[in-house]
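J.: I have a structure here, written as structure tokens, and I will follow up with some questions on it.
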Amino acid sequence: MDFDGKVLWSKKLNHKVKALSSEIALSIPKDELAGTNYDPEKCFISAKLTSSGGALLSTNDLYFKRPKDLKYTKATIQTELSKQGDHYVLKLSCNALAPRVEITFGDEEVSLSDNYMDVLPNEPVSISIKSPATLEQLKKTLKIKSLDQL
């Protein structure tokens, strides 16, 4: 995928993994990607592991270059914060790859279900938040930063 969300190459495979184990499920030779016209400074691989029932178990984004050598598209990150029962949910979405998104709430006491993640274009992410703060306090102190903004 390029940083704007255009899928350049895709592969899906069924692979069984033994419980409490780790193994290589797929190796991709660079020549297999050659016909895609990918630019290693502006593209990445997004790998997703799902259960046999289709539930997302794990994701990993793999880059061809070190972060300092990547040419990010500046992402616009949209946020939507709401209260749901005894916790809050922060939904993040973006128009381009937002790498290593950092979520902070100033001095507010918060516990986040995730932080420092890549937000892919057109693939919203929901973060669960536990905090004694009010919705208004959280909205006022919310700060979002990503590596492409540095």
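The values are calculated or read from the model by the stated rules, or taken from the named source; none is laboratory data. No experiment lies behind these values; they were computed from the predicted model shown. Methodologically, a virtual Cβ is constructed for each residue, glycine included, from the backbone with ideal geometry; neighbour enumeration extends over all protein chains shown. SASA here: full protein model, heavy atoms, side chains in, ligands and nucleic acids out. Shrake-Rupley method; radii C 1.70, N 1.55, O 1.52, S 1.80 Å.
J.: Inside segment 112-129, can you point out the residues that are open to solvent by 50 Å² or more (accessible area, probe 1.4 Å) and in a loop (DSSP other than H, G, I, E, B)?
T.: SER113, ASP114, TYR116, ASN122, GLU123, PRO124
J.: A further question on this structure: Determine which member of the set PRO29, PRO40 is farther than 17 Å from ILE127 by Cβ and surrounded by 10 or more Cβ atoms within 10 Å (Cβ to Cβ). Before the answer, list the steps.
T.: Details: PRO29 fails: surrounded by 10 or more Cβ atoms within 10 Å (Cβ to Cβ).
Going through PRO29, PRO40 in turn, just one is farther than 17 Å from ILE127 by Cβ and surrounded by 10 or more Cβ atoms within 10 Å (Cβ to Cβ): PRO40.
J.: Could you list, in sequence order, all residues of segment 89-111 that are open to solvent by 20 Å² or more (accessible area, probe 1.4 Å) and over 13 Å from PRO132 (Cα atoms)?
T.: Result: VAL89, LYS91, SER93, ASN95, ARG100, GLU102, THR104, GLY106.
J.: Here are some residues: THR59, THR73, THR79. Which one is in contact (Cβ under 8 Å) with a residue 24 or more places away in the chain, touching an Asp or Glu at 6+ places or on another chain (Cβ under 9 Å) and either farther than 30 Å from GLN137 by Cα or surrounded by 12 or more Cβ atoms within 10 Å (Cβ to Cβ) (or both)?
T.: Details: THR59 fails: in contact (Cβ under 8 Å) with a residue 24 or more places away in the chain; THR79 fails: touching an Asp or Glu at 6+ places or on another chain (Cβ under 9 Å).
From the options THR59, THR73, THR79, the qualifying one is THR73.
J.: Take the conditions in contact with a Phe, Trp or Tyr (Cβ under 6 Å, 6 or more places away or on another chain) and open to solvent by less than 80 Å² (accessible area, probe 1.4 Å) and apply them to ALA133. Does it pass?
T.: no
J.: Taking LEU112 as the residue in question, decide whether it is out of contact with any Gly (no Cβ under 9 Å at 6 or more places or on another chain) and free of Cβ contacts under 8 Å to residues at least 24 places away in the same chain.
T.: Spelling it out, LEU112 is indeed out of contact with any Gly (no Cβ under 9 Å at 6 or more places or on another chain) and free of Cβ contacts under 8 Å to residues at least 24 places away in the same chain.
J.: Taking only segment 1-25 into account, find how many residues are among the hydroxyl-bearing types (Ser, Thr, Tyr) and either open to solvent by less than 90 Å² (accessible area, probe 1.4 Å) or in contact with a Leu (Cβ under 6 Å, 6 or more places away or on another chain) (or both).
T.: Selection size over segment 1-25: 1.
J.: So HIS15 fits all but one of (1) within 16 Å of ARG100 (Cα to Cα); (2) in a loop (DSSP other than H, G, I, E, B); (3) of a type outside the set (Ser, Thr, Tyr); what number is the exception?
T.: Every listed condition holds for HIS15 apart from (1).
J.: Continuing with this model, one more query. Taking the conditions exactly as written (open to solvent by 30 Å² or more (accessible area, probe 1.4 Å), within 30 Å of SER21 (Cβ to Cβ), in a strand (DSSP E or B) and among the hydroxyl-bearing types (Ser, Thr, Tyr)), does SER52 satisfy them or not?
T.: Working: open to solvent by 30 Å² or more (accessible area, probe 1.4 Å): yes; within 30 Å of SER21 (Cβ to Cβ): yes; in a strand (DSSP E or B): no; among the hydroxyl-bearing types (Ser, Thr, Tyr): yes.
So SER52 fails the test.
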